[in-house]
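To keep things clear, I will list the structure first and then write my remarks on it.
The values are calculated or read from the model by the stated rules, or taken from the named source; none is laboratory data. Given the structure is predicted, the values throughout are model-derived calculations rather than measurements. FYI the Cβ positions are ideal-geometry reconstructions off the backbone, even for glycines, and counts take in every protein chain you see.
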Amino acid sequence: MSSPASAYEQLLAGREVVVVCGPGGVGKTTVAAASGLLAAGHLGGRVLVLTVDPARRLATALGLDGLDNTEVRVDLVALGVASPRGELWAAQLDTKGSWDDLVRRHAPDERVREAILANAIYRDISTTFVQSHDYIAMERLHELHASGRYDLIVVDTPPSRNAIDFLEAPGRMAEFFGSRLLRWLTAPYRSRLFNVASRPFYTVADRILGQQFLREIADFFILFQTMHSGFVERAEEVETTLRSRRTAFVVVSTLDPAAVVEGAFLVDELAARHLHLGSVVVNRVLPSFLADREAGDAAQRLVDDAAAIALSLEAIADVSLLEQVLREIGGSFLDYGVVATRQGELRRELVSGRPFAVVPWLATEQSDTEGLVRVADALRGEATP
C-alpha cells in the first residue's frame, strides 16, 4: 500500500502554477527543480520547470548541459526515478528571444513587426532593460500556461526583492506604455503642431542626446503603442492567473537570521497582494537531535569526563590523544546544539502557523542530481531533520 501523499505533494497535485521564490542563496532553484521532479516522478502528468532567474543553476541541478527558451525533456530515470509516472520538462527564459516572439505574435501587421524588430531602441530594451526581463518573464509564463501543454508549471524566480518586481511587471509595463511621459515624448513626431512651450525641452534634448536618438525613441514607442491594448489585456490576464486558486507561491528560506527576515518580508508581501501562499520550505535544517537535552548532557559529560573516559579506553590509543578527541567531539556537539536550538526558534518565527515543509541539511551537495532526489524525498516527507 502506498503511503498517503504529503501536504507538499497535495499542493503540487492541486495547482496549475507554483511560483517558487525566496532570498538569494537559500537553494530556491534546487527546491523548484525538486518540486518538478517530485510532481512528474510520483504524481504524473506533464510538468515544466521554468527558470526566469538569469543565473543558470537549473540546468546544473537537472544534469543538463544547458537550457534556453525551448522546453527540453528531462530524463527522469537518469535522475534516479525508477518508474516515473509523468514527464518532466525544463526551460530557461531567453529575454531577447521571448520579446521577438511577442512582437511577431502581436504586431498588427508585417510592416510594424519588421520596424519594431529593426529599431535600435527596441534592441537595447529587449536585451538590457531590467523591467523588460521581468515583464517578458510573466508574458512567457502566461503563454505557456495558456497553451495547455502542461499540467503543472513550476516557476523559479529571481531573489525575493527582485521577485516583487517580477510580480508587478505586467501592470508597470502597461502603465508605462500608456503614460503621459510617452505621449509627450512622441507628440512632436506625431504632429507638426505641438505646444510651443515644449520646444525648449526638445531643443536641449536634441543637443544632449542627438536628434537621431530622439527620433528612434519616438519611432519605437509610436510603433509599440499600436500594441498597447494587448499589453493591458495580457497584464490583466497574468494578474488573474497569479491570483487564481490554481496558482500557489512557495517561499524558500534557510534558518540564517538574514534569510528568515527576507523570507518573512516576502510572505507578508504576498499576503498584501492577495496571492496564495502554498507552503514555506525551510531548507538546510540541522538534525533535531542536536538540540535534544539528553544528547547535550551526554556531550557535556564527554567534555567534563574526557580524562577518565580516555583512561578506560587506553587500549585503543594514547590516553592524552583520546582525551583531546573526546573533548573536541563533545565541544563540537554542544556548539551545533546551540545553532540547532536557535534554528528551532527562527523556524517557529518564520512558519508561524503556515503550511511548511522541511529539507534537512544533506551530506550530499544539493547541486548534484543525487542531492536533487534527496531534496524531492524530503519534500515528499521521506526525510527528516
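Could we say that ALA317 is among the aliphatic types (A, V, I, L, M) and at pLDDT below 90 here? Reasoning before the result, please.
Working: among the aliphatic types (A, V, I, L, M): yes; at pLDDT below 90: yes.
Answer is yes for this residue.
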Could you say whether any residue in segment 158-178 is in the same structural domain as ALA258 (by TED's automatic domain parsing) and modelled with pLDDT of 85 or more? no
Go over the candidates GLU110, GLU114, GLU87 one by one and state the one that is of a type in the set (Asp, Glu), in contact with a Lys or Arg (Cβ under 9 Å, 6 or more places away or on another chain) and in the same structural domain as TYR150 (by TED's automatic domain parsing). GLU87
Could you identify the single residue in GLN324, GLN343 that is at pLDDT 90 or above, within 20 Å of GLY25 (Cα to Cα) and part of a helix (DSSP H, G or I)? GLN343
So if I check each of GLY24, GLY66, GLY14, which one is surrounded by fewer than 18 Cβ atoms within 10 Å (Cβ to Cβ) and within 15 Å of PHE249 (Cα to Cα)? GLY14
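Quick grid of which residues meet (1) under 37 Å from the mean Cα position of the chain (by Cα); (2) on the phi > 0 side of the Ramachandran plot:
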{"site": "HIS274", "(1), (2)": "yes, yes"}
{"site": "GLY278", "(1), (2)": "yes, no"}
{"site": "GLN300", "(1), (2)": "no, no"}
{"site": "ALA308", "(1), (2)": "no, no"}
{"site": "ILE316", "(1), (2)": "no, no"}
{"site": "GLU345", "(1), (2)": "yes, no"}
{"site": "ARG348", "(1), (2)": "yes, no"}
{"site": "VAL359", "(1), (2)": "yes, no"}
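Give the residues of segment 43-99 that are of a type in the set (Lys, Arg) and under 23 Å from ILE125 (Cβ atoms), sorted by residue number.
Taking segment 43-99 as the starting set, the residues that turn out to be of a type in the set (Lys, Arg) are 46, 56-57, 73, 85, 96.
Across segment 43-99, the qualifying residues are ARG56, LYS96.
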So which helices (runs of 4 or more DSSP H) are wholly in segment 66-146 and hold at least 2 residues that are modelled with pLDDT of 85 or more and closer than 24 Å to GLU16 by Cβ? 76-79
Looking for whichever is of a type in the set (Asp, Glu) and farther than 30 Å from LEU167 by Cα here; the options are GLU294, GLU262, GLU349, GLU269. Which one fits? GLU294
Of the residues in segment 90-124, how many are surrounded by fewer than 20 Cβ atoms within 10 Å (Cβ to Cβ), of a type outside the set (Asp, Glu) and under 23 Å from the mean Cα position of the chain (by Cα)? 2
Would you confirm, using the coordinates I've provided, whether SER332 is among the hydroxyl-bearing types (Ser, Thr, Tyr) and crowded, with 18+ Cβ neighbours inside 10 Å? no
Go through segment 6-24 residue by residue and tally those that are in a helix (DSSP H, G or I) and of a type in the set (S, T, N, Q). 1
Which one of ALA310, ALA299 is crowded, with 18+ Cβ neighbours inside 10 Å and either in contact with a Lys or Arg (Cβ under 7 Å, 6 or more places away or on another chain) or touching a residue at least 24 places away in the same chain (Cβ under 8 Å) (or both)? ALA299
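Output the residues belonging to segment 39-65 that are assigned to a helix (DSSP H, G or I) and modelled with pLDDT under 95. Give the steps one after another, and end with the answer.
Restricting attention to segment 39-65, the residues satisfying the condition of being assigned to a helix (DSSP H, G or I) are 39-43, 57-61.
Passing the criteria: GLY41, HIS42, LEU43, ARG57, LEU58, ALA59, THR60, ALA61.
Each row is one residue, and each column tells you yes or no for (1) part of a helix (DSSP H, G or I); (2) surrounded by fewer than 19 Cβ atoms within 10 Å (Cβ to Cβ); (3) touching a residue at least 12 places away in the same chain (Cβ under 8 Å).
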position	(1), (2), (3)
ALA235	yes, no, yes
VAL238	yes, no, yes
VAL251	no, no, yes
LEU255	no, no, yes
VAL260	yes, no, yes
HIS274	no, yes, yes
GLU294	yes, yes, no
VAL303	yes, yes, yes
In this structure, is LEU38 closer than 13 Å to VAL154 by Cβ, crowded, with 22+ Cβ neighbours inside 10 Å and more than 10 Å from the chain's Cα centre (by Cα)? yes
